[in-house]
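Quick notes on the structure that follows.
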Amino acid sequence: VIGVFGEPIKGYGEATRRGRRQFVSHIEYVKDGLKHMRLKFYIEGSEPGKQGTVHVEVKENPERGRFDVRYIFVDVDSYPRRTIVVEDNR
């Protein structure tokens, strides 16, 4: 991800009418009695014109009392379009 976007990388959420980008799109749901959450936010780095969308899903782990990552991947929104898989535990 750093190789594509450059450093530093900054993340932000959806734009509001006031121009703020603090809202991170998320969905919470229960499947097989366990809580799950999906997040979507945006990133950009120091490389000009490079922007991406990060997709994350976590699943509740009741034994550890926290959430475990199911997947993290980044869609590169500029040419050449591609998907970078950071972690996939599905």
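What follows draws every value from the coordinates through simple rules; no lab data is involved. Just so you know, these numbers come straight off a predicted model, no measurement behind them. Glycine also receives a Cβ, built like all others from the backbone with ideal geometry; neighbour counts cover every protein chain displayed.
For the stretch 1-88, the relative contact order comes to 21 percent (Cα pairs under 8 Å, sequence separation of at least 6). Rounded to the nearest 500, the 222 nm mean residue ellipticity of the chain from helices alone is -500 deg cm²/dmol, with -39,500 (n - 2.57) taken per DSSP H run of at least 4 residues. Lysine pairs in the chain whose alpha-carbon atoms fall under 29 angstrom of each other, counting only those eight or more residues apart or on distinct chains, come to 9.
Here is the list for the chain: GluC sites (Glu not before Pro) lying in DSSP coil, each with at most 12 other C-beta atoms within 10 angstrom of its C-beta, are Glu63. Above 24 angstrom, tally the Cα pairs of the chain and express them as a % of all pairs, no decimals. For the chain, the fraction of Cα-Cα distances above 24 Å is 29 percent.
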